[in-house]
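Heads up: the structure comes next, in structure tokens.
The values are calculated or read from the model by the stated rules, or taken from the named source; none is laboratory data. Not measured: the values here are computed from a predicted model. Cβ sites come from the backbone with ideal geometry, for glycine too, and all protein chains shown count toward neighbours.
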Amino acid sequence: MLPIDRQKQILTWLENEKSLRVTTISQRLDVSEMTVYRDLNPLIKQNKVIKTSSGVTLSTPAAVPTDNCPYCLKPSSGKLSVQIIKENQQIENACCAHCALMRYQDIKNNVSQVICRDFLKDTTINAKAATFLIDADLDLNCCEPQPIIFASRKQAKQFQKGFGGKIYNFQEAIQMILKEMKVDCCCCEE
Ligand SMILES: [Zn+2]
Ligand SMILES: [Zn+2]
């Protein structure tokens, strides 16, 4: 079987079964797991399938980066966008960390992962382990208060020296934004 045929076969299985383990695919196709990974790589790059902790799953149309933000409904295709991967493997694209954190707060029981980008290096990182700088003197032209995301706390601190702001972890950042939004808004009281 050619790689292209195996890829078609994998996509057909995924359409019927939603998700598959790599070991299952390797057994069914009678090829090594290495080969399965090699077959999957282009599909992952084309955003047709998504890698999960247990294997792969079919990418839903919601994964298309032109989606609107689930929180503020702005288009979320920019560099600031943050992906919220839900337990059912659906993906929501928040326009920025602000909306991602607020959305997470609303649906956290259904969230399996939050994926964002390091502000300096543009690498993909797990938001729950990231460092957030809020109220820095830098306007990112999205929702306020706007957290700037860093993979490393050390770099966040270096950035803070130049641009100010305060450093928070994931949970603290959520609480901080909730608090600031209440102060900003006179009409919504919980
Ligand atoms: Zn938004
Ligand atoms: Zn935003």
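Observations on the model:
- Residue in segment 65-76 that is away from ligand 1 (no atom under 13 Å from the Cβ), under 27 Å from residue 12 (Cα atoms) and modelled with pLDDT under 95 present: yes
- Of all residues in segment 112-125, none are touching a Cys at 6+ places or on another chain (Cβ under 7 Å) and polar (S, T, N, Q).
- Taken together, 121, 108 contain a single residue that is basic (Lys, Arg), under 14 Å from the mean Cα position of the chain (by Cα), away from ligand 2 (no atom under 16 Å from the Cβ) and more than 27 Å from residue 25 (Cα to Cα), which is 108.
- Scanning segment 115-134 for residues that are in contact (Cβ under 8 Å) with a residue 40 or more places away in the chain and either under 16 Å from residue 177 (Cβ atoms) or in contact with a Pro (Cβ under 9 Å, 6 or more places away or on another chain) (or both) returns 127, 128, 130, 132, 134.
- Hey, residue 99 part of a helix (DSSP H, G or I), crowded, with 19+ Cβ neighbours inside 10 Å and within 16 Å of ligand 2 (Cβ to nearest atom) or not: yes
- Yes/no for residue 84 being in a strand (DSSP E or B), under 30 Å from residue 20 (Cα atoms), within 14 Å of ligand 2 (Cβ to nearest atom) and touching a Lys or Arg at 6+ places or on another chain (Cβ under 8 Å): yes
- Scanning segment 134-163 for residues being away from ligand 2 (no atom under 16 Å from the Cβ) and either at pLDDT below 95 or assigned to a loop (DSSP other than H, G, I, E, B) (or both) gives a total of 3.
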